[in-house]
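Here's the structure we're looking at; comments come further down.
None of the figures in this text is laboratory data; all of them are computed from the coordinates on show. This one's a predicted model, so the numbers in the text were calculated from it and none came from an experiment. Glycine also receives a Cβ, built like all others from the backbone with ideal geometry; neighbour counts cover every protein chain displayed.
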Amino acid sequence: MLRLWNLILFELRKILNNKKAFLFLIVLNITPIIASLALLIAYISCKSLGLGDFQFLAMKRIIQAMFTSHFTIFGYTAPFFLALIVGDSFSTEFGRGYMKTLLLTPVRRWQVIVAKTSSIIIFLLIAVLLGGFILQADLFIARAITQPSGVLPNPLQEKLMDTSISMVSVSSAFQLLVITFVANLMMIGFFIVFSMFFESAILMTFCSIGSVMAIHVFYLSAFMLKELVKWFGPLEKLCFTRHFTDLFSLNIIQNVLDGSVTILSEKVLEPMGFSLLWAVIFYVLAVIIFSRKQVLH
């Protein structure tokens with residue numbers, strides 16, 4: 001276990017030293033950065049009104065809406081960067097001989113896959129949390145610059161007022177992290193399988209993302225044509241891109257945030273279950289292919 005943990009830390013350091021990783025952090029957190037600018041503009045626009053509570057409420061609604069958009073955009077754009085990172089972790093190391101050097105150390109091949117996957121997942125969760133922290137900081141700033149006006153709202157207004165400085169509940173944040181983990185674990189497994197057949201990260205990324213897009217086009221076609229071609233229906237239900245898209249749909253994210261659904265609700269649990277099943281399939285394939293791949297020759 002100690003050797004595996006050291007291998008995970010080693011792989012994580014390699015990712016953090018990769019320039020593509022910083023590009024990943026910047027691009028995927030562009031929404032929180034925009035939120036900070038929007039917050040400043042909103043404050044300047046509303047400052048003259050002198051209604052601190054209502055200014056804060058408006059800003060909080062803006063920040064919460066941007067958090068929802070940020071999470072949706074994150075879900076749809078993360079696979080492109082994950083493919084590059086997986087390509088660097090496997091395909092590039094095959095091509096440059098780094099994988100051969102690693103396998104000459106006392107580690108098993110399945111441990112290499114587990115360590116690289118764990119490091120990528122940790123980095124992904126860091127990216128998600130960074131965006132959340134930026135938006136939460138925006139909310140603290142909004143509270144600081146919009147001091148209460150001293151005007152007591154009437155009972156109806158008081159019910160509508162939400163002056164808490166928590167952007168989302170702890171429960172909702174945890175459930176979104178679980179959704180992110182499960183959905184992207186599946187995608188990372190898919191990319192690892194592809195990486196076993198390439199020695200170039202760019203070529204591997206191009207082919208794997210192209211395959212994902214082709215599979216999703218089939219899913220959309222099956223959705224439209226399943227009434228005409230009966231076998232399209234079952235295939236559509238098994239399509240892994242469908243479950244990924246469902247988990248990051250704006251509707252599900254918003255419902256998780258407002259507490260109307262949880263990860264145990266059927267509309268969330270079903271795509272999560274299929275995603276875990278696909279993840280198991282992809283990782284079993286990856287281990288089988290990697291165990292038979294001629295690296296030490």
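Structure notes:
- Positive contributions from Lys and Arg (+1) and negative ones from Asp and Glu (-1), summed over other residues with Cβ under 12 Å from the Cβ of residue 26, come out at +2.
- Annotation for the stretch 82-111: trypsin sites (Lys or Arg not before Pro) lying in DSSP loop with at most 15 further Cβ atoms inside 10 Å of their Cβ are 108.
- Residues in the stretch 103-144 that a label on residue 3 would reach, taking backbone N under 15 Å of a point 7 Å out along Cα→Cβ: 103-115
- Residue exposure sequence - 93, 270 - by fewest surrounding Cβ within 10 Å: 270, 93
- Neighbour-count ranking [beta-carbon atoms within 10 angstrom, fewest first] of 216, 243: 216, 243
- Ranked list, fewest to most other Cβ atoms within 10 Å of each Cβ, for 138, 246, 88, 258: 258, 246, 88, 138
- Efficiency of FRET between residue 178 and residue 220 - r from beta-carbon atoms, R0 30 angstrom, step 0.05: 0.65
- Working from label points 7 Å from Cα in the Cα-to-Cβ sense, the residue 129 to residue 258 distance is 3.0 nm.
- The residues packed around residue 119, meaning those with a beta-carbon under 15 Å from its beta-carbon, carry a net charge of +2 if Lys and Arg are +1 and Asp and Glu are -1.
- Computed lengthening from residue 202 to residue 27, 0.36 nm per intervening residue step minus Cα-Cα distance: 61.2 nm
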